[in-house]
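Visitor: Quick one: this structure, given as structure tokens, is what I'll be asking you about.
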Amino acid sequence: RGIEKAFQEKNFDRAIYLAERICGICSGIHTIACVETIEQLAEVETPQRAEYIRTIVGELERVHSHLLWAGIAAHEIGFMTLFQLTWRDREHVLDVLEMLTGNRVNYAANTIGGVRFDIEPKHVDKISKTLDKLEEDAKHYMDVFTSDQTIIARCKGEGVLSKEDALKLSTVGPTARASGVDFDVRRDDPYAAYDELDVDVKTAKEGDVLANAKVRLLETLESIKILRNAVDQMPEGDIAVRAPNEYPEAETTNRVEAPRGELFYHFKSDGGENPARVKIRTPTMANIPAIVEKLKGETVAEVPIVVASIDPCFCCTERVTVVDKDSGKTRTVTKQEMREMRE
């Protein structure tokens, strides 16, 4: 989609709009990564209350993303009732996000130097009741995924990724943690308010599709705990500071833990209002090699659930490569070739 190139045509403030549209499910965490990278570039110190609000939006988004994944996984193996139930309960998270930000998908919550909205006392009761309901739901789905014979038959032992392969292939997020890789940016390189909140990283050792499900549902319960702590500990104060109009000649790299895994942002500035270069590496891009390994030895019938196990977002990859199935040679499609194909 040319989003990285499009960043160069926008000023730093409008870059947030592009970042939010890289992925509809992870729009919040993309803007957190974007603004925190720009803030490092400009040496802007964000108010601590804003950091907590960013954390709350990020964890709500994680719950919404993991419940969405659980529904898709159920759909891929033909368990339509479970698909409908998980997506029904996911609506509770979207209701809270809409209450706080005014939007259900692209929240427009973050700005350079802080956030655009505050969490008021009237919101806390709604958040608390929703978290109680979500905790009950997540525990139920954890029980279903680990006891239902249909799910076990279709997921246990399928799409296995060993810890050694997960490390060798630089796998990230729940996909890596399901293979026993004990790493999470929130704990190991904290951003937003995570340096003041406990994060218990959830892992499994089996590395199969069922382990992927377990890790995501355990992470959902952990996110609910983090949300409760963040709401309770959130300090008073400002929610934003003024951002500069022009930026120094410099470059910065930042990473966050998106629902799908480690997300990198890199900004380069030559001075002025617009970035000179922006580079983004999404979790799906990092996890594509894991799909190749996980599909080895699988039947065609299991391909959908094995591919779904990494929770892919193909619009996040923004790469086009042609592979010759006979010779194995690869080449990148040029812009001119894409124009000719379209014509």
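Visitor: Among VAL303, VAL322, VAL292, determine the one that fluctuates most according to a GNM of the chain built with springs between C-alpha atoms less than 10 Å apart.
Guide: Answer for the Gaussian network model of the chain: VAL322.
Visitor: Another one. Calculate, for the stretch 46-127, the solvent-accessible area per residue in square angstrom, rolling a 1.4 angstrom probe over the heavy atoms of the protein chains. Each step should come with its number before you reach the end.
Guide: Working: 2800 Å² over 82 residues.
The answer is 34 Å² per residue.
Visitor: Would you work out the relative contact order for the chain, in percent, from Cα pairs under 8 angstrom that are 6 or more residues apart?
Guide: 24 percent
Visitor: Picking from PRO312, ALA301, ALA50, whose Cα lies most toward the positive end of the charge dipole for the chain (charges on Cβ: Lys, Arg +1; Asp, Glu -1)?
Guide: Positive-end residue among those listed: ALA301.
Visitor: At 1.4 Å probe size, with no ligands or nucleic acids counted, give the accessible surface of LEU210 in Å², nearest ten.
Guide: Accessible area of LEU210: about 10 Å².
Visitor: Quick one: which of 130-143, 53-66 comes out on top by average Cβ neighbours within 10 Å, and what's the full order, highest first? Could the numbers behind the result be given before it?
Guide: Values: 130-143: 16.9, 53-66: 27.1.
The most tightly packed comes first, giving 53-66, 130-143.
Visitor: Further, regarding this structure: With all protein chains present, how much of the accessible area of the stretch 30-153 (probe radius 1.4 Å) comes from carbon and sulfur, to the nearest whole percent? Intermediate results must be reported in sequence, preceding the final value.
Guide: Values: 2300 of 4720 Å².
The nonpolar share, carbon plus sulfur, comes to 49 percent.
Visitor: Per DSSP H run of n ≥ 4, the term is -39500 (n - 2.57); total these for the chain, divide by its residue number, and report the mean residue ellipticity at 222 nm rounded to 500 deg cm²/dmol. Kindly include the intermediate steps, with their values, before the conclusion.
Guide: Values: 14 runs with 181 residues, N = 343.
Estimated from H runs of four or more residues: -16500 deg cm²/dmol.
Visitor: Rounded to whole Å and sorted largest first, what semi-axes of the equivalent ellipsoid does the C-alpha gyration tensor of the stretch 76-230 yield via the square root of 5 times each eigenvalue?
Guide: They are 30, 22, 13 Å, listed largest first.
Visitor: One-quarter of the Cα convex hull surface for the stretch 1-137, in nm²? Walk me through the intermediate numbers first.
Guide: On the way: hull surface 37.3 nm².
Hull-based average projected area comes out at 9.3 nm².
Visitor: Let me check something: with ligands and nucleic acids excluded, how do GLU20, GLU236 order by accessible area (1.4 Å probe), largest to smallest?
Guide: Putting GLU20, GLU236 in descending order of accessible area: GLU236, GLU20.
Visitor: Could you pull the accessible area for TRP87 with a 1.4 Å probe, rounded to 10 Å²?
Guide: Probe radius 1.4 Å; accessible area of TRP87 about 80 Å².
Visitor: Name the cysteines of the chain that stand alone by the Cβ rule: no other cysteine Cβ under 4.7 angstrom.
Guide: Cysteines of the chain left without a disulfide-compatible partner: CYS34, CYS155, CYS315.
The values are calculated or read from the model by the stated rules, or taken from the named source; none is laboratory data. Bear in mind that the values here come from a model prediction, so they are computed numbers and not experimental data. Methodologically, a virtual Cβ is constructed for each residue, glycine included, from the backbone with ideal geometry; neighbour enumeration extends over all protein chains shown. Keep in mind that these areas ignore ligands, DNA and RNA; they rest on the heavy atoms of the full protein, side chains included. Shrake-Rupley method; radii C 1.70, N 1.55, O 1.52, S 1.80 Å.
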